[in-house]
1. Examine the stretch 564-585 for a residue that is closer than 29 Å to Glu518 by Cβ and of a type in the set (Val, Ile, Thr), and state whether such a residue exists.
2. Does the stretch 536-549 contain any residue that is at pLDDT below 90, surrounded by fewer than 18 Cβ atoms within 10 Å (Cβ to Cβ), more than 40 Å from the chain's Cα centre (by Cα) and more than 27 Å from Ile367 (Cβ to Cβ)?
3. Please state which one of Ser441, Ser435 is in the same structural domain as Arg479 (by TED's automatic domain parsing) and crowded, with 18+ Cβ neighbours inside 10 Å.
4. Taking the condition within 30 Å of Phe321 (Cβ to Cβ), at pLDDT 95 or above and in contact with a helix residue (DSSP H, G or I) (Cβ under 7 Å, 6 or more places away or on another chain), does Asp3 pass?
5. What are the residue pairs meeting all of these: first residue in the stretch 341-360, first residue farther than 21 Å from Asp317 by Cβ and assigned by TED's automatic domain parsing to the domain that holds Ala322, second residue surrounded by fewer than 20 Cβ atoms within 10 Å (Cβ to Cβ) and among the β-branched types (Val, Ile, Thr), Cβ atoms under 8 Å, and 6 or more apart or on different chains?
6. If we only count strands (runs of 3 or more DSSP E) wholly inside the stretch 229-332, which ones have 2 or more residues that are under 30 Å from Asn108 (Cβ atoms), touching a Cys at 6+ places or on another chain (Cβ under 8 Å) and not hydrophobic (A, V, I, L, M, F, W, C)?
7. Which of the strands (runs of 3 or more DSSP E) contained wholly in the stretch 527-589 include at least 3 residues that are in contact (Cβ under 8 Å) with a residue 24 or more places away in the chain, under 16 Å from Ala379 (Cα atoms) and in the same structural domain as Val431 (by TED's automatic domain parsing)?
8. Among the residues of the stretch 117-150, how many are over 19 Å from Ile174 (Cα atoms) and part of a strand (DSSP E or B)?
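The values are calculated or read from the model by the stated rules, or taken from the named source; none is laboratory data. None of the values given here were measured: they were computed from a predicted structure. Cβ placement follows ideal geometry from the backbone for every residue including glycine, while neighbour counts extend to all protein chains displayed.
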Amino acid sequence: MSDKTPDLEAMLADDERRRRQWRKGAEHDPLRSAPSAVRVRRRTPEPDVPVAYLPRTMVADAEFKAAAGSGGDVWRRLRCRHDFEYWCARCVVIKDKITSAYVPFRLNRAQRHVLEVLESDRLAGRPIRLILLKARQWGGSTLVQIYMAWLQSCHRRNWHSLICAHVKDTAAGIRGMYRTLLANYPTELWEGDTPPQFKVYEGSANVREITGRGCRVTLGTAENADAVRGADYAMAHLSETAFWGASDRRSPSDFVRAVCGAIALVPYSLIVMESTANGVGNYFHTEWLRCREGHGDKHAVFVPWYMIDIYSTPPPDRRAFASTLTDYERRLWNMGIDLDRIYWYHLKSLEYPSAEQLHAEYPTDDIEAFANTGAGVFANAAVEALRQRCAGVEGRRGDVGGAGFTADATGAMTVWLMPEEGADYVVAVDVGGRSAKADWSVVAVLRRGDGDRLPEIAAQWRGHCDHDLLAAKAMTIGRFYNDALLVVESNTFETSAYGGGAAEGNLFVLNRMAAQYENLYHRESYDTATQTVSRRVGFHTNRSTKAMLIAGLVEAVREGAYIEHDAGCCDEMATYEQLPNGSFAARRGYHDDMLMTRAIALHVAASPQCQRPSADVTCVDYLF
């Protein structure tokens, strides 16, 4: 747009309004506070704060009139009990990261945003529950820990808490913050029976007691979960949960259930789970999605980069910058962000070779926060759009046998769509291992599209079993879904068979499937040594065919060309990468078994040679 267009003039005027509004928030005074639904303007007996917006709960307190008349410490103690921000400014000091000096704790904009959510539960008399997704360091852990200290110092006695991080040094740093707080607490405002101290409790290296309040603070790590089990906790702060490791003996979900399950559902009880993102598919990501979608017990709160006050730089030529915004920067403008913050983001983008890396470090929304690296195969926005449609149909757990589908909450099969008369299905099988430590075996059922209806995942079996039993299960599922076209990825069977040894019988499994199941996928394979063409059972995945499959799946996800119902498959897409040698694989520690069944099923369903055959025709696809 030109400098003279009305749009640009209106934009610059709107930018001035946005910057004024933003500066107003940055100048927040915790002693005087600001108007809100939970505050009311009143005179105070404090000489340095003649008028303030006080919490309504304080004004309604039976002690308010007497405290206002006496003033001094009586007034300040009463306000400390009702006003967390005021208490922080009067009673809490923290170490400034830049100057290393100890300064009063004044909440920044992002911290006030999170505090509002915590207080919404407390003031409503609900248990306080929060899952916090953090963008860079803005003091999220600091806020949570000091909020817990407020509850223990001003509201509850014998109210024990747990601080648990992924490694001991992180948890120790959080506890050090507590030590500093109590060492500098104004004794005249202390609500305890004895002066505030953070002392060792009964010789334990991991437990401290807040003297005068009877509250204990336990330090723990996810690496040593057994050390924190069984205690009488009323509050738990679980820090950097996305980085908690899992093993055969323990998992983050087991630990959270063991510790947090014992915390009573009563007012002032607290569970806060917070972390920066560490990819998708892990416990923190799963719990975030569950709570974000309203199915969990916690408020899901994300703090984006643009809510952090220091991320702002005035452009040298505001008019020129406004007229040259990129598409992404214009998206930020349309979200209501002023040009100073957008220009800071513009400068920061120059430090990164790709937009994906920038978004991962400074995410605008939670999708970007969980984004894959620049090696990701599937676009994050496309995967998120696919995920959003997963919640449309409720799946039923169970199993399929000769008598049809039997509901069973412990079953390895999930059914979203029962077989429809006249509908056509493709059943794709990805062969995993037999043991619990091996890759999963997956049998996915795809309902082919017809008319305006998109292809749609109808059911899925996922588990571990012997390969002959997997073949039998796949054939049973295929028969249940109208004698569906059954496509088995044959690599495991063929590699084991031709490799010799005890696994040679796997080739027999394919031969038996060919004899027992009529609508079985075959391929034609050309042998360059003998110059002969042979027919083989199953889909063989190699570098060329895998690239073809993944290209097709990328297109289907990008274009919204099929309907998914398993969020776990979306997680696999978000952690699927292209390696430096050009091949494709799941990120280390993740899986791609569900993803591959979708790629195979969609490819076969779209292949002209693989439309539903008559009884005497074998489906053949030319792949080599």
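1. Within the stretch 564-585, not a single residue is closer than 29 Å to Glu518 by Cβ and of a type in the set (Val, Ile, Thr).
2. Checked against the condition, which is being at pLDDT below 90, surrounded by fewer than 18 Cβ atoms within 10 Å (Cβ to Cβ), more than 40 Å from the chain's Cα centre (by Cα) and more than 27 Å from Ile367 (Cβ to Cβ), the stretch 536-549 yields at least one hit.
3. Ser441
4. Numbers: within 30 Å of Phe321 (Cβ to Cβ): yes; at pLDDT 95 or above: no; in contact with a helix residue (DSSP H, G or I) (Cβ under 7 Å, 6 or more places away or on another chain): yes.
Taking the combined requirement at face value, the residue does not satisfy it.
5. Pairs found: Glu356/Thr373; Gln357/Thr373; Ala360/Thr373.
6. In the stretch 229-332, the matching strands (runs of 3 or more DSSP E) lie at 235-239.
7. Working: elements: 532-537, 576-578, 584-586.
Per the criteria, 576-578.
8. So the answer is 2.
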